[in-house]
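Asks: Please read through the structure below; I'll follow up with questions.
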Amino acid sequence: MPRIIGIREIRDEPVGGKAAGLARLAGLGLKVPEAFVVVGASPGCLPADLFAHYRGLGAGRVAVRSSALGEDGEESSFAGQYATFLNVEGEEALSTAVSECLASIEGAAAVAYGRERNEAEESAMCVVVQAMVEPSVAGVLFTADPVSGRHDRLVIDAVAGLGEKLVSGESTPDHYELGLKNEVIRREIVSEKALLGDGQLSELAQEARRVALEFGGPVDMEFAMDGGGELNWLQARPITTLGGDLNEGFTPIETTDVITRCNVGEMMPGPVCPLTFSTQGRAIENGMQHMHVSYAGRPAITDEWTQINLFYGHMFINLSGGVKAARQVSITSAESIGQAMCGREIPELQEPSEKHSLLRRWWGSLQFVRYCLKASRVIREFEARFQHFEISHRDASLAMVEEMETHFRWLLEADEVHLRSSAYSGLMEGVVQGIVVGRAPGPNAGAQQAEAARLLAGATGVESAVMVEELDAITAAIAGDSRRGQSFREADPDEALAWLRAEPSGEAGQAFRAFLARHGHRGYRELCVREKAWGDDPIPLIRTMQTSIVARLSGSYRAKQVDELDWSELKGALRFLLPRAHFSIRQREHTKSMLVAATHRLKCGYRHLGILLEREGKLPDADLVFFLSREELSDFVRRPSPASVSLMRQRRRALEFQEKLEFEDIYVGFAEPLETNSEPILGQGEYLGRPVSRGVVEGRARVALTPEEATQLEPGEILVSHITDIGWTPYFSLIAGLATDVGSAVSHGAVIAREYGLPAIVNLRVATKVVRTGDWIRLDADRGVLEILESSSTEAQG
């Protein structure tokens, strides 16, 4: 039987999301215009006392809104899918509006929306009748930013008059963004005077945060300020499109600590899932602490985060942690740490105010050199044991997680070994650069750095470069027959892969299978435990090979070209040190491969664990396994709960927002994402970076931030990217030059560019922001200067 319930009388009755939300607002003591809800009615069958309750509201103008069961819920909002009527006045008009609102549950848009979201097709419709407010200002408020996903931003949009103008798009709103302390961070005003003052913004924010606390999560609210400036709340519902807090799990940090995305941003582009941070992040932290125990007087390895930080899902290296260790060593300084990690001096990074005695620092330096020189022996011993490391795939989740817990130590040790190898390589390359550039670089520093890079490029047998050669050989075999090459290039990637795996593919197929056997553990974002390697999913590799074949078929293929070193022209010290520097580079690349192999075995184990948890009914889908930390996952396997599954889903959704965030290279203290409308400080068309492979080239720019975007590369273009890793390797035979925002002389892109004789500049910092695809640019890698010669009319990058 149809009935009516006053909005303040609602208890546990099912009245739909909108009515329940108003009742909760009223229960918090917030100002809500008087209202009632029609329950159990249908068109033509309305409550007999409808008009009596209408007169109880004053018989004036009212708003009639849907409140279907399931509407404005936590899983879906149905916003805009049902009917709403404003300024309804008179009994006949009220009866018509309520009936039409009830009938809207059968509307095509609502039915399609429900089916899209797997909602039940039959749902009861309730209707809210609420006294209209004569607003001077109305608007919407989100206690978390629905666009960026940031939970530390409260967003308010406001228009003069009715809020319907905002919903319909009839009026452009004033836009306000507030921080966690309700301070105004951004204010975009449409007319000369702001519609809302700071006091009103503070009042809105304070009351909305109370509501979010009551709802247990971010909320979307509608409000109206009446002519007297009094605040009225018209609606509240959960925001259904957000994930968890984007900065969940951030690591503590001193306000004076200097952190960077350089170096770690190359190893781990973009955000990381919780399982990656708790495994790979912990392994890097452990390895760096182990290094400082070895020579810098650190008493022991602890569970503290002193070298690695996490903000908004992105990993940072704490440079101040290295500077603290430098107090114990005379050959390490803030400047050398900046050069090693970021490819430049970091002004924010200061020398420690207190250093140990000169004798203690000499001793620390000797310990550091000893630590580095032991690298080869440590690597041999580790490799002898590592070849026996395997993770067994168990048949039950509990046995599998115990297997993972047992073998996690291998990742810790692999990182320790690789960091020791990297330290030795950095030491040798620093010595070579010091001899070439000198202690006090002059006006020709860029050319001197490029010369040092040329000398270091003479290293042969570097694993990442060998991979390029092997891939080149495969594409050469495919493109040897132009018809076959064209067919491969135009084929669907799955079809191209099937052909390579089949016997008729001949030499190319054999070489491809051998390549995967040797390098199948590598790939894009290869240190992320969620990302599949080439051996697990070769399709991304096939796409890059198809793009590379374009260069061979067009005749613009660039073969590897490295000038032979004339050893007789080198100084005596260089003739002795350079071969050792080359050896250290090969060794570093080899330990990186072992680290990736250890990561790959772990990621395959975790993927299998996810499959087991799904099979056992503990997870709805296997991919969610990557959204708990290693410790949380061990606990979940033993004590699964719906709350943990909900948390995983929230974190996975949050990752989609985290992927859109961008950061500066350097921060002092807490790292805040760049604002979406922030613009880089531009020069006069010239941008200075660090030359890492000599040469000068002019050409069309191709801005690509991912290997997928790089599939659009045309032969002879200059690749402009934030950074490159091993997943970009196949493109180097196609491009004419390389420019990256970050990097150093030992970055992946620098090493491969030198192998191909490609002009390359790294550490440009703003290249991907100031260059657009189609721009005609000049890359002077003898001086380290990128120049935009002619801007393209292209508006979108990549």
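The values are calculated or read from the model by the stated rules, or taken from the named source; none is laboratory data. From a predicted model like this one, the values you see are computed outputs, not experimental measurements. Glycine also receives a Cβ, built like all others from the backbone with ideal geometry; neighbour counts cover every protein chain displayed. Only protein heavy atoms, including side chains, enter the accessible area calculation; ligands, DNA and RNA are left aside. Shrake-Rupley method; radii C 1.70, N 1.55, O 1.52, S 1.80 Å.
Asks: Using only the alpha-carbon atoms, what does segment 618-772 span along each of its principal axes? Please give whole angstrom values in decreasing order.
Replies: Ordered largest first, segment 618-772 gives principal extents of 61, 33, 26 Å.
Asks: Turning to a different aspect of this structure: Over all directions, average the projected area of the Cα convex hull of segment 355-508 and note it in nm².
Replies: Average of the hull's projected areas for segment 355-508 equals 17.7 nm².
Asks: Restricting to DSSP loop positions (anything but H, G, I, E, B) with no more than 15 other Cβ atoms inside 10 Å of their own Cβ, which GluC sites (Glu not before Pro) remain in segment 383-421?
Replies: GLU390
Asks: Take GLN367 and GLU470, extend 7 Å from each Cα along the Cα→Cβ direction, and tell me the distance between the two endpoints in nm.
Replies: 4.0 nm
Asks: I've got another one for you. Where only protein heavy atoms count, and the probe is 1.4 Å, what is the accessible area per residue for segment 176-323 in Å²?
Replies: Ligands and nucleic acids excluded, the figure is 37 Å² per residue.
Asks: Please list, in order along segment 253-260, the HN-Hα scalar couplings obtained from phi with the Karplus expression 6.51 cos²θ - 1.76 cosθ + 1.60 (θ = phi - 60°), rounded to whole Hz, x for Gly and Pro.
Replies: Karplus values, whole Hz, x for Gly and Pro: 7, 6, 5, 9, 5, 9, 10, 9.
Asks: While we're looking at this one, here's another question. Students often get this wrong, so check it: of LYS532/LYS592; LYS374/LYS592; LYS374/LYS603; LYS31/LYS181; LYS18/LYS181; LYS193/LYS660, which have C-alpha atoms separated by over 27 Å?
Replies: Result: LYS374/LYS603; LYS18/LYS181; LYS193/LYS660 exceed 27 Å.
Asks: Quick one: helix 198-215 against the long Cα principal axis of the chain, what's the angle to the nearest 10°, folded into 0 to 90?
Replies: Roughly 90 degrees between the two axes.
Asks: Work out, step by step, the length gained on full extension between GLU192 and GLU335: first 0.36 nm times the residue separation, then minus their alpha carbon distance; give nm to one decimal.
Replies: 46.6 nm
Asks: Here is a further query. So if we plug the beta-carbon distance of GLU675 and GLU89 into 1/(1 + (r/R0)^6) with R0 = 56 Å, what FRET efficiency do we get, rounded to 0.05?
Replies: 0.80
Asks: Translational diffusion coefficient, Stokes-Einstein: compute it for segment 357-437 using the Kirkwood radius over C-alpha pairs as Rh, at 25 °C and 0.890 mPa s, and state it as an integer in µm² s⁻¹.
Replies: Answer from the Stokes-Einstein relation: 158 µm²/s.
Asks: Okay, moving on. Lone cysteines in the chain, defined as no other cysteine's Cβ under 4.7 Å from theirs: which are they?
Replies: Flagged as lacking a Cys partner: CYS45, CYS101, CYS126, CYS273, CYS372, CYS528, CYS604.
Asks: Computed from the mean reciprocal separation of all distinct C-alpha pairs, what Kirkwood hydrodynamic radius does segment 495-649 have, in Å?
Replies: Kirkwood hydrodynamic radius for segment 495-649: 19.7 Å.
Asks: Shifting gears a bit: Between LEU500, LEU553, ALA533, whose Cα lies farthest towards the positive end of the dipole of segment 493-631 when Lys and Arg beta carbons carry +1 and Asp and Glu beta carbons carry -1, centred on the Cα centre?
Replies: The residue sitting most towards the positive pole is ALA533.
Asks: At a 10 angstrom cut-off on C-beta neighbours, averaged per residue, how do the peptides 369-377, 758-766, 133-141, 610-618 rank from highest to lowest?
Replies: In descending order of packing, they fall as 758-766, 133-141, 610-618, 369-377.
Asks: Same structure again: Quote the FRET efficiency, to the nearest 0.05, computed for MET1 versus ASP536 with a Förster distance R0 of 60 Å and r equal to the Cβ-Cβ distance.
Replies: My answer for the efficiency is 0.50.
Asks: Let me ask another. How about LYS324: which aspartates and glutamates have a C-alpha closer than 19 Å to its C-alpha, ignoring those fewer than 8 places off in the same chain?
Replies: Once the sequence-local aspartates and glutamates are set aside, what remains near LYS324 is GLU254, ASP257, GLU285, ASP303, GLU304, GLU335, GLU345, GLU348, GLU351, GLU354.
Asks: Using the alpha-carbon centroid of each, what span in Å lies between segment 347-363 and segment 25-73?
Replies: When both Cα centres are located, 72 Å separates them.
Asks: So what is the calculated 222 nm ellipticity per residue for the chain, using -39500 (n - 2.57) for each DSSP H run with n of 4 or more, over all residues, to the nearest 500 deg cm²/dmol?
Replies: Rounded to the nearest 500, the figure is -13000 deg cm²/dmol.
Asks: Based on the mean of other beta carbon atoms within 10 Å per residue, what is the order of 189-196, 83-90, most packed first?
Replies: 83-90, 189-196
Asks: Next question, about the same structure. Which ³J(HN,Hα) values, rounded to whole Hz and listed in residue order, are derived for segment 698-704 from phi using the Karplus coefficients 6.51, -1.76 and 1.60 in 6.51 cos²θ - 1.76 cosθ + 1.60 with θ = phi - 60°, glycine and proline given as x?
Replies: 10, x, 7, 7, 10, 8, 9
Asks: For LEU619, what residues show an amide H to amide H distance below 5 Å, using hydrogens built from the backbone and excluding near sequence neighbours?
Replies: Correct list: GLU614.
Asks: Normalised by the residues of segment 249-391, what does the relative contact order come to in percent, with Cα pairs under 8 Å and at least six apart?
Replies: Relative contact order, segment 249-391: 25 percent.
Asks: Please report how far the C-alpha centroid of segment 215-241 lies from that of segment 752-772, rounded to the nearest whole angstrom.
Replies: 49 Å
Asks: Go through 722-733, 626-637, 356-367 and give me the packing order, highest mean Cβ count within 10 Å leading.
Replies: 722-733, 626-637, 356-367
Asks: Now, a different point. Pull out the extension gain between GLU134 and GLN350, defined as 0.36 nm times the separation in residues minus the alpha carbon to alpha carbon distance; nm, one decimal.
Replies: That pair, GLU134 and GLN350, stretches by 71.8 nm at full extension.
Asks: Which whole-number percent is the relative contact order of the chain (Cα, under 8 Å, 6+ apart)?
Replies: 12 percent
Asks: Quick one: if the Förster radius is 30 Å, what FRET efficiency do GLU106 and ASP12 give, using the C-beta to C-beta distance and rounding to 0.05?
Replies: 0.65
Asks: With each pseudo-label sitting 7 Å past Cα toward Cβ, what's the GLU686-LEU570 distance in nm, one decimal?
Replies: 3.3 nm
Asks: Return one quarter of the surface area of the convex hull spanned by the alpha-carbon atoms of the chain, equal to its mean projected area, in nm².
Replies: Value for the chain: 40.0 nm².
Asks: Still on this structure: Expressed in nm to one decimal, what extension gain is obtained for the pair ARG360 and ARG409 from 0.36 nm per residue of sequence separation less their Cα-Cα distance?
Replies: Here the segment from ARG360 to ARG409 would lengthen by 14.4 nm.
Asks: Roughly speaking, what % of Cα-Cα pairs in segment 198-321 are separated by over 20 Å, rounded to a whole number?
Replies: Cα-Cα pairs of segment 198-321 separated by over 20 Å account for 60 percent.
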